[in-house]
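Peer 1: Supplied in C-alpha cells, the structure appears directly below.
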Amino acid sequence: MKFDTAPCALFARRTLAVSLMCVAALGLAHAQAQPAESGLTLQAALQRAQEANREVLGARRTVDAALADVQTATVTPPPQLSLLSQGINTQNLGSGGVWNRPIDTIVRLDTPWERGGKRAQRERQAQAGWLAAQSEQLQTGRTQQVVTAQAYWDLKLAQVQHDTALQEAQLAQESSRLAQERLRHGDLSLLEATRLSLESDRALNEVEQTRNLLSQAQWALATVLAWDQGQALCALDPWPPAQASASAQTPSKEDDMDAAWLAGRADVQAAQQRLVQAQAALDLAQAQRHADVTWSVQFEHNPPAGNRLWGLGVAFPLGVDGRQDGPVMRARLALDDAQAVLDKTRADARADRARQRVTLDTAARRIERLDGLLVPKAKQAVKAAEFARQQGALSLQDVLDTRRLAHAAELDAAQAHADHAKALAALNLTSNLSVVSP
C-alpha cells in the first residue's frame with residue numbers, strides 16, 4: 001500500500017512557517033510591551049523595602065502612636081476650679097457696691113490625689129508598650145526584608161527559567177528548520193520532521209509559560225517594594241556561592257538554642273515587652289483598689305456672715321476594693337496569655353532557624369550534585385546522543401528524551417540555587433537587634 005506524502009509535507013512546511021512567525025511576533029511584542037528594565041541588586045531591594053514597604057511604614061506609625069500613649073500616661077487628673085453664687089434675693093439686694101451686697105459667693109478648688117502608685121504603673125505599662133512597638137517594628141522590617149529577598153530570588157529563578165526556555169526554543173526551531181531542509185532533499189522521513197516540528201511548538205509553549213511566571217515574579221517583588229513599574233524589574237545579582245549552615249552560622253557555638261541569639265531576636269523582645277506590659281496592667285488593676293482622695297479648699301464671701309470665710313474638705317469613694325475583682329482577674333488572664341505568647345515565640349524562632357538550616361544544607365548538597373555531576377553529564381549525554389544520531393546509531397526519540405533530561409537538570413539546578421539563596425538570606429537577616437530605651 002502506498003501513501004501520498006505530499007499533504008503531510010505541506011502540513012509540516014506550514015507548521016514550520018507558523019512556528020517561525022510566532023517566535024518573531026512574540027519577540028517583537030515582548031520587546032514593544034516591556035519598558036526599559038530596571039536592574040536591581042539584592043542590597044538595593046532590601047534598602048527600598050526598608051524605606052517604602054507599606055508594612056514597615058505602618059509599623060512606624062504604630063511606634064508613634066505608642067509614644068503618644070507614653071505621654072498620655074504621665075498626665076494626672078487636673079484640679080477643678082468652681083465658682084458658685086447662692087442665696088441671692090432679688091427683692092433685697094441692698095445698697096452699695098457689688099462686694100457689699102448680701103450674696104453668698106464661693107470659690108472652690110478640688111485637687112485629686114492618686115494613691116497606690118497608679119501613675120507609675122500607667123507609665124510603666126505605656127513604656128513597655130512603646131518598647132514592644134519598637135521591637136515589633138524591627139521584626140516587621142526583618143520579616144519584610146526576608147520576604148523581599150525571597151521575592152528577589154524568585155524573580156532570579158523566573159529569569160533563569162525563561163532564558164533556559166528561550167534557548168531550548170531556539171534550539172528546537174533550528175532543529176526543525178534543518179529537518180525541513182533534509183525533508184526536502186529526501187534525507188529525512190516525514191515522521192521525524194513532524195516530531196521535531198511538534199517539539200518546537202512544545203518549546204514555544206514553555207516560553208510562554210515561563211514568561212507568565214516571570215511577570216508574576218516581577219509584580220510580586222514590585223508589591224513588596226511598593227513599586228509601580230513591576231514589569232521593568234530585573235534581578236542582577238548572581239546566585240550566592242553554595243554553603244552549608246555551619247559556615248553561615250555567626251554565633252561562636254553551634255547551638256541552635258543559643259540564649260544570646262534568641263534574646264536578640266526582635267520578635268522575642270517584643271513578646272517580652274508585652275509580658276512586662278501585661279504585668280504593669282495587672283499592677284495597675286490592683287492599684288485601683290486604693291481609693292483616690294480629693295482635697296478641697298474654698299473661699300466664701302457672704303457679707304451677712306463675713307467677708308472672708310475659708311474652708312477645707314476631703315472626699316473619697318467608698319467600697320472601691322470590691323469593685324476591682326473583675327478587672328484584676330481579667331488582667332491576670334492577660335498576663336498568662338502574654339507568657340504563653342512569649343513561650344510560643346521562642347519555640348517558633350528555634351523551629352524557624354532549624355528549618356532554614358535544613359533547607360540550606362539540603363539545597364547546598366543538591367547544588368553540589370547538580371552543578372558538579374548531573375548537569376555536566378546531561379550536557380555530555382546530549383552531545384553524545386546528537387553525534388550518535390548523525391551516525392544513525394540512535395533514534396530521534398532518544399535524542400529528544402536526552403535533551404529533555406538535560407533541560408530538566410538545568411531547571412532543577414536553578415531551583416536548588418533559589419532555595420539555597422532564600423534560606424541563606426533568611427538566616428543572615430536573623431540578626432540581634434537592640435531597642436532604644438525611652
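Peer 1: List Ile103, Ile88 from most exposed to least, where exposure is judged by having the fewest other Cβ atoms within 10 Å.
Peer 2: Result, fewest neighbours first: Ile88, Ile103.
Peer 1: Hey, how many Å between the Cα centroid of the stretch 193-221 and the Cα centroid of the stretch 316-395?
Peer 2: About 30 Å separates the Cα centre of the stretch 193-221 from the one of the stretch 316-395.
Peer 1: Still on this structure, I have one more. Alpha carbon centre of the stretch 114-152 versus the stretch 400-422: separation in Å?
Peer 2: Using only Cα atoms, the two centres lie 43 Å from each other.
Peer 1: 7 Å from Cα along Cα→Cβ at both Ala260 and Ala120: what's the point-to-point distance in nm?
Peer 2: The answer from the label model is 3.5 nm.
Peer 1: May I ask you to derive the FRET efficiency for Asp163 and Ala340 from their Cβ-Cβ distance with R0 = 56 Å, giving the value to the nearest 0.05? Could you put the intermediate results ahead of the total?
Peer 2: Details: r = 49 Å, r/R0 = 0.88.
The computed FRET efficiency comes out at 0.70.
Peer 1: Ok, one more. Starting from the 7 Å offset along Cα-to-Cβ, what nm value, one decimal, do you get for the label separation of Leu84 and Arg289?
Peer 2: 3.5 nm
Peer 1: Indicate the gyration tensor shape class of the stretch 309-375 (rounded, prolate or oblate), computed on the Cα atoms with a ≥ b ≥ c the square roots of the eigenvalues: a/c under 1.5 is rounded; otherwise a/b larger than b/c is prolate and the rest oblate. If you can, show how the numbers build up before the last one.
Peer 2: On the way: a/c = 12.07, a/b = 4.65, b/c = 2.60.
Prolate, because a/c is 1.5 or more and a/b exceeds b/c.
Peer 1: Now a separate question. Setting aside same-chain residues fewer than 8 positions from Lys156, which aspartates and glutamates have a Cα under 15 Å from its Cα?
Peer 2: Excluding near neighbours in sequence, the set is Glu37, Asp237, Glu410, Asp412, Asp419.
Peer 1: Amide H of Ser38 versus every other amide H placed in the peptide plane: which residues, excluding those fewer than 5 positions away on the same chain, fall under 5 Å?
Peer 2: Under 5 Å from the amide H of Ser38 lie the amide H atoms of Leu233, Cys234, each far enough along the sequence or on another chain.
Peer 1: If you don't mind, there's one more thing I want to ask. Test of understanding: what is the full-extension gain from Leu309 to Thr72, defined as 0.36 nm times their sequence separation minus their Cα-Cα distance?
Peer 2: On the way: separation 237, 0.36 × 237 = 85.32 nm, distance 3.78 nm.
Going from the current span to full extension adds 81.5 nm.
Every number here is computed from the coordinates shown, using simple stated rules; none is lab data. On a predicted model such as this, the values are computed, not experimentally measured, just so you know. Reconstructed Cβ throughout: ideal geometry from the backbone, glycine too, with neighbour counts over all protein chains shown.
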